[in-house]
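Below is one structure, written out as structure tokens; the observations come after it.
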Amino acid sequence: MYHYWGYGLHIASEIEFPELLPFEFDTPEVTIRLGKTPEALTGENVVHKVRVSMSPDEYLLKFMNTANYYVANGTDIIVEPLPGAEQKTLRLFLLSNAMAAVLHQRDLIPFHASGVHYKDGVVLFCGESGAGKSTLATALSLEGYPLFTDDVCVLKSGEQNQMMAVASYPMAKLWVDSFDKTGLEKLPESERVRDSLPKYRRFFHNTFSIEALPIKSVFFLERKNQARKTEVKPLTDTNAFKAIQKNTYRSLQMNAMQKRALHFSIASKLSASTSVHLVESPYSTNTLKDISQKILERLR
């Protein structure tokens, strides 16, 4: 068994994960095994969608040409690889969909965000796929604000209603145009996230933190055709709550696993305790430097 830390959990795995942080412990909280998954989930609480079935305590994903994933009780993952499966793709969907199911089953909220360290806490960047979360976090890391997490973190309540974030794992996923935008040297083809996808793995094991850290601010990135310049606008409590509520990682799981009340509570605490901003920028130009400067000005 390989031993790792990820998402705030001790993970024992029969599969080797270069994406996760090697970590020694005595008792695993999550165990990943290779084996046969159930053909189907049954019961009154099971919700069936395309290729996936879910209940509060079980999750079954049949991902075409790659693997079947079964998650139970927030502690056990069974992976059934399909013939010819690409290993990077197999791991990718375990770290995204299957681990999100683990977190929901454990009453934890995975949040769709990248982030950097700032002072004694973290700043998070949210937005739809392609909004530039990973690129922005990487750019700021090159300016002295180390990467905290990419794509997902776990939200937790701290003392005095302070909301905390726990990182997922020490790997950023960058589209090919991110290298030109940030000035980073392009990574070799062997570091593609998936062989068919022009997106690359950039590891940061040496600077990765496993601590739960206070969330200093949240920025929602949005590109607009009609925007002529980059603007950073504070969101009111109501709009901040709505934006946060929409940003649960794998929100389909949240609904099927009956976690809406828990998510409502966490989203309310985060919007009430943290400054939340909307960052609007135009599609047409590379506004990365402008966005970075305006966000840092707002934080100061």
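The values are calculated or read from the model by the stated rules, or taken from the named source; none is laboratory data. Note that the coordinates shown come from a computational prediction; the quantities given were computed from them, not determined experimentally. Here Cβ is always computed from backbone atoms with ideal geometry, including for glycine, and neighbour counts include all displayed protein chains.
A few notes on this one:
- Within segment 271-300, the residues that satisfy the criterion of being among the acidic types (D, E) and over 23 Å from the mean Cα position of the chain (by Cα) are D290, E297.
- Of all residues assigned to segment 106-128, none qualifies as being touching a Phe, Trp or Tyr at 6+ places or on another chain (Cβ under 8 Å), under 29 Å from S157 (Cβ atoms) and part of a helix (DSSP H, G or I).
Table: residues versus (1) within 20 Å of S209 (Cβ to Cβ); (2) part of a strand (DSSP E or B); (3) among the small types (G, A, S); (4) not assigned by TED's automatic domain parsing to the domain that holds L20.
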site: E143; (1), (2), (3), (4): yes, no, no, yes
site: F148; (1), (2), (3), (4): yes, yes, no, yes
site: C153; (1), (2), (3), (4): yes, yes, no, yes
site: K156; (1), (2), (3), (4): yes, yes, no, yes
site: Q160; (1), (2), (3), (4): no, no, no, yes
site: A165; (1), (2), (3), (4): yes, yes, yes, yes
site: Y169; (1), (2), (3), (4): yes, no, no, yes
site: A172; (1), (2), (3), (4): yes, yes, yes, yes
site: F179; (1), (2), (3), (4): no, no, no, yes
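- Those residues of segment 245-270 which are closer than 20 Å to V122 by Cα, of a type in the set (S, T, N, Q) and under 19 Å from the mean Cα position of the chain (by Cα), in sequence order: Q245, N247, T248
- Residue in segment 32-44 that is farther than 20 Å from N255 by Cα, within 22 Å of the chain's Cα centre (by Cα) and modelled with pLDDT of 95 or more present: yes
- Criterion (modelled with pLDDT of 90 or more and touching a strand residue (DSSP E or B) at 6+ places or on another chain (Cβ under 7 Å)) met by exactly one of F203, F241, F179: F203
- Unmet requirement for E222, which otherwise passes all of (1) touching a residue at least 40 places away in the same chain (Cβ under 8 Å); (2) buried (at least 21 other Cβ atoms within 10 Å of the Cβ): (2)
- Count - residues of segment 87-108 that are surrounded by fewer than 16 Cβ atoms within 10 Å (Cβ to Cβ) and either among the hydrophobic types (A, V, I, L, M, F, W, C) or touching a helix residue (DSSP H, G or I) at 6+ places or on another chain (Cβ under 9 Å) (or both): 1
- Any chance K186 is in the same structural domain as T230 (by TED's automatic domain parsing), over 21 Å from V279 (Cα atoms), modelled with pLDDT under 95 and part of a strand (DSSP E or B): no
- In summary, D177 fulfils each of the numbered conditions (1) buried (at least 21 other Cβ atoms within 10 Å of the Cβ); (2) under 30 Å from R298 (Cβ atoms) with the single exception of condition (1).
- A count restricted to segment 190-206 and to residues that are over 15 Å from S114 (Cα atoms) and in contact (Cβ under 8 Å) with a residue 12 or more places away in the chain stands at 8.
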